[in-house]
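Take a look at the structure set out below.
The values are calculated or read from the model by the stated rules, or taken from the named source; none is laboratory data. It should be emphasised that the depicted structure is a prediction, and the values quoted were computed from it without experimental measurement. Every residue, glycine as well, gets a Cβ built from its backbone with ideal geometry; the counts of neighbours run over all protein chains shown.
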Amino acid sequence: MRHYLLLFLGFFVFTAIYAQKKDFTYKFYGQVRGDLFYNSRANAEIVDGLFHLYPKDIAPDADGKDLNATANGSFYLLYSRLGIDITGPDIGKAATSVKIEGDFRGAGSNWAVLRVRHAYVNLDWGKSSVLIGQTWHPLFGEVFPQMLNLSTGAPFQPFNRSPLLRYRYKNGNWQLTGAAVWQLQYLSAGPNGKSEEYIKNSCVPEFYAGVDYKKPGWMVGAGVELLSLVPRTQNEIDGKIYKVSERVTSLSAEAHVKYQNDNWLVMAKTLLASNLTQTCMLGGYGVTSVDPRTGEQEYAPYRHSMTWLNIVYGKKWKPGLFLGYLKNLGAGESLVGKTYGVGLDVDQVFTANIQMSYNLPHWKIGIEYSPSLAWYGDVDMQDGGKIYNTHSVTNHRLLGVCIFMF
């Protein structure tokens with residue numbers, strides 16, 4: 001890790017020197033962040049519980065005791081980060097800017113390793129702009145929860161940074177956004193787990209189109225997303241390998257609203273999500289038919305309804321409330337084979353976050369209490385994977401955060 005850190009710091013020093021010589025402007029920024037957390041039970045999570053999603057179902061042992069009813073907690077500084085914003089010479093009539101930002105989250109189960117969060121160049125003609133590189137997924141957007149938990153509202157709010165090409169057009173109060181998105185750090189689920197291969201073999205990027213209306217204090221908008229994946233390119237039956245032609249295509253939609261004044265911040269978003277496992281959300285797809293000779297499969301994507309509301313008040317002392325709810329709507333077709341995804345055995349999830357933070361220039365100290373409920377039950381494959389006869393489990397999460405920003 002020391003080797004990567006030295007390279008990273010060396011890059012920033014080199015960039016600063018180069019920027020001075022070429023009369024660029026640059027601004028370093030970053031934060032040192034510590035997260036201390038406690039969970040009352042085991043959860044579906046990322047980074048060993050630092051990125052919390054929802055509580056796991058009851059898992060009885062030989063005596064009927066719940067193996068998942070075990071508390072856990074830890075303290076991490078993995079989301080400390082360092083970044084630089086650069087403005088360069090114009091290209092024609094386009095103003096140029098660059099952002100590079102990294103943290104120590106790592107990838108997969110390799111933590112405390114340097115990774116890229118943002119790395120892009122932006123060309124701005126005033127009304128039109130083109131962004132090339134890695135940054136927030138358009139479904140994350142400009143309306144996202146203000147909370148202490150690093151999940152930032154997932155699994156109710158899409159959470160994803162990916163390589164993309166984004167075009168944005170602004171005219172008066174209106175803003176139009178179109179993007180083609182690929183996958184790198186945040187991946188879709190499939191027969192081989194989470195992998196880049198499904199969109200790579202598809203040869204078709206993920207597409208997003210959205211519209212926003214902005215005026216002082218208000219923002220209202222909506223967007224649609226299209227994802228087309230190739231789960232497999234071959235299959236083996238009785239020692240024989242067959243080339244198969246498979247594809248699963250899904251369409252998602254979202255709408256959002258934001259109001260802000262000197263003291264109040266009120267935001268909400270609702271999604272009809274279909275196979276958005278690459279955005280830290282529940283979803284996936286199931287097999288609807290199988291060719292008996294080659295094993296070639298057809299698929300139907302699961303649909304989930306997700307909605308959240310976030311209210312924050314104040315400047316120095318900031319109390320806040322977040323409420324999130326999701327519902328598994330099933331695949332809409334009878335399923336005859338395997339399912340691939342995240343949380344497809346979950347019927348509903350409800351989470352609340354109650355937070356209080358103390359804010360000073362360069363400092364934020366806060367605490368957050370988050371009860372989270374998940375409902376599990378009997379999965380009816382004939383009814384598209386819908387879940388009946390449910391029971392609920394609850395996790396109580398306490399989080400303390402201290403951030404120094406520069």
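Out of GLU101, GLU142, report the one residue that is at pLDDT 95 or above, under 30 Å from PRO89 (Cα atoms) and assigned to a loop (DSSP other than H, G, I, E, B).
On inspection, the qualifying residue turns out to be GLU142.
Step by step: first the residues of segment 65-86, then only those that are surrounded by 16 or more Cβ atoms within 10 Å (Cβ to Cβ) and of a type in the set (Val, Ile, Thr), then the one that is farthest from ASN122 (Cα to Cα). Which residue is that?
ILE84
Here's the yes/no breakdown for (1) at negative phi; (2) without any contact (Cβ under 8 Å) to a residue 60 or more places away in the chain; (3) over 21 Å from the mean Cα position of the chain (by Cα):
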residue	(1), (2), (3)
TYR169	yes, yes, yes
ALA180	yes, yes, no
ASN192	yes, yes, no
TRP218	yes, yes, yes
GLU225	yes, no, no
VAL230	yes, yes, yes
GLY239	no, yes, yes
SER245	yes, yes, yes
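Consider segment 28-44. How many of its residues are more than 21 Å from GLY102 (Cα to Cα), touching a Lys or Arg at 6+ places or on another chain (Cβ under 9 Å) and not small (Gly, Ala, Ser)?
5
Looking only at residues that are closer than 29 Å to GLU298 by Cβ and in contact with a Phe, Trp or Tyr (Cβ under 7 Å, 6 or more places away or on another chain) in segment 165-201, which one is surrounded by the most Cβ atoms within 10 Å (Cβ to Cβ)? Give the steps one after another, and end with the answer.
The initial filter retains those residues of segment 165-201 that are closer than 29 Å to GLU298 by Cβ, namely 179-184, 186-201.
Cutting the leftovers down to in contact with a Phe, Trp or Tyr (Cβ under 7 Å, 6 or more places away or on another chain) gives us 179-181, 188-191, 199.
On the way: ALA179: 23, ALA180: 14, VAL181: 21, SER188: 29, ALA189: 22, GLY190: 23, PRO191: 15, ILE199: 23.
Top of the filtered list is SER188.
Looking at (1) more than 19 Å from the chain's Cα centre (by Cα); (2) within 20 Å of ALA331 (Cβ to Cβ), which is the only condition LYS214 fails?
LYS214 satisfies every listed condition except (2).
Could you pull out the residue among SER305, SER289, SER357, SER334 that is part of a loop (DSSP other than H, G, I, E, B) and among the hydroxyl-bearing types (Ser, Thr, Tyr)?
Going through SER305, SER289, SER357, SER334 in turn, the sole match is SER334.
Return yes when VAL312 is over 25 Å from GLY385 (Cα atoms) and buried (at least 18 other Cβ atoms within 10 Å of the Cβ) and no when it is not.
Considered against the rule, which asks whether it is over 25 Å from GLY385 (Cα atoms) and buried (at least 18 other Cβ atoms within 10 Å of the Cβ), VAL312 comes out as yes.
Given the criteria assigned to a loop (DSSP other than H, G, I, E, B) and either at pLDDT 95 or above or crowded, with 20+ Cβ neighbours inside 10 Å (or both), does TYR120 qualify?
Here the answer is no, as TYR120 does not meet what is asked.
Give the number of residues within segment 226-284 that are crowded, with 24+ Cβ neighbours inside 10 Å and among the basic types (Lys, Arg).
1
For segment 346-399, how many residues are under 26 Å from LEU326 (Cα atoms), in contact (Cβ under 8 Å) with a residue 60 or more places away in the chain and either surrounded by 14 or more Cβ atoms within 10 Å (Cβ to Cβ) or touching a Ser or Thr at 6+ places or on another chain (Cβ under 6 Å) (or both)? Steps first, answer last, please.
Here is the first cut: in segment 346-399, the residues under 26 Å from LEU326 (Cα atoms) are 346-356, 367-399.
Those still in the list that are in contact (Cβ under 8 Å) with a residue 60 or more places away in the chain too: 346, 349, 351, 353, 355, 367-368, 370, 372-374, 376, 381, 384-385, 391, 393-399.
Within this subset, residues satisfying the condition of being either surrounded by 14 or more Cβ atoms within 10 Å (Cβ to Cβ) or touching a Ser or Thr at 6+ places or on another chain (Cβ under 6 Å) (or both) are 346, 349, 351, 353, 355, 367-368, 370, 372-374, 376, 381, 384-385, 393, 395-399.
Number of matching residues: 21.
Quick check: is even one residue across segment 22-41 modelled with pLDDT of 90 or more and not in a strand (DSSP E or B)? Working first, answer last.
First pass over segment 22-41, keeping only residues modelled with pLDDT of 90 or more: 25-41.
Subset that is not in a strand (DSSP E or B): 40-41.
Checked segment 22-41: at least one residue is modelled with pLDDT of 90 or more and not in a strand (DSSP E or B).
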